Amino acid sequence: MQFTNQVFTLSKQLFKKAKSFPKVHLALAGTLTAVSVFVAAMLPSQDVEATRNQVQLIKPAETAATVAPAARVETVEKVVKLPAVDTQEALSTPDLVSVPDTPAEQAINWQEFKVRSGDNLTKIFKRAGLNARDVYQVSQSDKEKLLTRIRPGQILELAINAGELERLRLVKNKLESVEFIHNGDSYDLNTIERTPEIKTHFVSGDIQNSLYLGAQRAGLSDKKIMELAQIFGWDIDFALDIRKGDQFRVLYEEKYLDGKKIGEGNILAAEFTNNGDTFAAVRYTDSTGDTNYFTPDGRSMRKAFLRSPVDFRRISSGFKPQRHHPVLGIKRPHRGTDYAAKTGTPIKASGDGKVIWRGTKGGYGRTVILQHGGNITTLYAHMSKYNSKVTSGTRVKQGQTIGYVGMSGTATGPHLHYEFRVNGVHKNPMTVKLPVAQPIPKKQLARFKAQTSQLVAELQMKAIEQLAEIGSDNNNG
């Protein structure tokens, strides 16, 4: 209390002499008075022993784990001391006493180095003005050997201060990077992951020539076109069944980072109208984590067999009981389907099965035969070469590459000859009824509809909005 009384006494004396002070001194006096009163109010009583007279900021290590990578701020520990000010001296001195502000924290100055062909850590460090000791210390801390696997085009960011490497950042991709942070004679490893913002994007279009050209014209990427074909590939042969006027609608994910599109995600829902029949599919992940596409009422889009073992190819010869053979010049049944395609085009297993033949088979040339269950076999002929991982006895999955298109055996040009047999009897691969995969179990149907109904609704709403925009543009035009 004694100090508080002294403060108020000093304040009164200041105001009494106020008229004789210059304006600058008046400002100082007012400021000092306010500060003194505040300090007096905050001081503990004489009964309380003062234990600290410094203010210490929170250490970076205490906050690093809780700060999101995208908003991380580099901090420096500081202890701030205010200089002692003699009040009487301040009143009698014409110059103001200024208390310097805490220096603003400087951002880390990163230098970017793009990995060139033939580069290694030593070469990059040399370009950055660092020495062999720096290379050694960083390499010793790189337990996962990440820096020994750098590739041309990757980015290394270095933070160098007074010739010392403080930090090194390896940018693995747009969403993941690894930092080496200097700590004494070694470096601590810190993985930084960023999560992109996911937005839905809607595309629709019609077909004039092929799915590929129509979807490309509508704005779908090559990857999305192939995914769309895979979703509906069990019901539609995109080489044989496509008709002019067919339509499609696709709702899929796009990934954004800092407001910029960085990639695409999954197809969430899609519709395809082929020759008047409309097929719809939604993406669903079940309680065990398995993801597949289903119809809106819960039936699987998957079938036991693909309609076509190659993608987007021309049918050069269909299933015919009698056909004039182009090479032999005689009438002979054509008990399969020929897909004209470039040499080297991948050939996919149309269903899960086991390889029961891999070798040359007369006029078929290089051939693979798969056994599916107990009564179905499929044959793939005229291959240019086999997949080296597929041998007799190998079990393969639907869609797995088993060989490549060629013209071995009796063939006039590169194509795949594909046969489908049930109990040894040839069936038309394009029309045979294919068994389907299991639907959503009844006990999970409510969960399925709760998750997918919103996707179906969004797909329909986007389509309506697009039609309304087109109508508005036509009216304005």
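Please treat every number below as a calculation from the coordinates, not as lab data. Computed from a predicted model, the values in this text were never measured in an experiment. FYI the Cβ positions are ideal-geometry reconstructions off the backbone, even for glycines, and counts take in every protein chain you see.
Dipole of the stretch 197-294 computed with +1 at Lys/Arg Cβ and -1 at Asp/Glu Cβ about the Cα centre; of T285, G259, H201, farthest Cα towards the positive end is G259. Largest first, the extents of the alpha carbon coordinates of the stretch 197-294 on the three principal axes equal 41, 33, 17 Å. The label-point distance for E176 and Q444, in a model that sets each label 7 Å from Cα toward Cβ, rounds to 2.7 nm. What nm distance separates the two modelled labels at D352 and T391, each placed 7 Å from Cα along Cα→Cβ? Between D352 and T391, the simple spin-label model gives 2.4 nm.
Distance from the C-alpha centroid of the stretch 435-464 to that of the stretch 130-196: 46 Å, rounded to the whole angstrom. For N375 and A437, the FRET efficiency from 1/(1 + (r/R0)^6), where r spans their Cβ atoms and R0 equals 25 Å, is about 0.90. One chain, two ends: Q230 and L467. Fully extended at 0.36 nm per residue, the span grows by 82.6 nm beyond their Cα-Cα distance.
The calculated FRET efficiency for D297 paired with D258, based on their beta-carbon distance and R0 = 51 Å, is about 0.80. Note on Q154 and T195: with the Förster distance fixed at 22 Å, the Cβ-Cβ geometry gives a FRET efficiency of about 0.55.
List the GluC sites (Glu not before Pro) in the stretch 130-216 that DSSP assigns to loop (not H, G, I, E or B) and whose Cβ has at most 14 other Cβ atoms within 10 Å. Which are they?
E144
Residues K172, K143, K224, arranged from fewest to most other Cβ atoms within 10 angstrom of their Cβ, appear as K143, K172, K224.
Can you flag which of K348/K385; K126/K174; K172/K389; K224/K255; K244/K342; K143/K172 are past 22 Å Cα-Cα? Could you put the intermediate results ahead of the total?
On the way: K348/K385 13 Å; K126/K174 26 Å; K172/K389 31 Å; K224/K255 14 Å; K244/K342 24 Å; K143/K172 16 Å.
Among K348/K385; K126/K174; K172/K389; K224/K255; K244/K342; K143/K172, the Cα-Cα distance tops 22 Å for K126/K174; K172/K389; K244/K342.
Computed packing ranks the peptides 354-367, 404-417 as 404-417, 354-367, most packed first, by mean other Cβ atoms within 10 Å.
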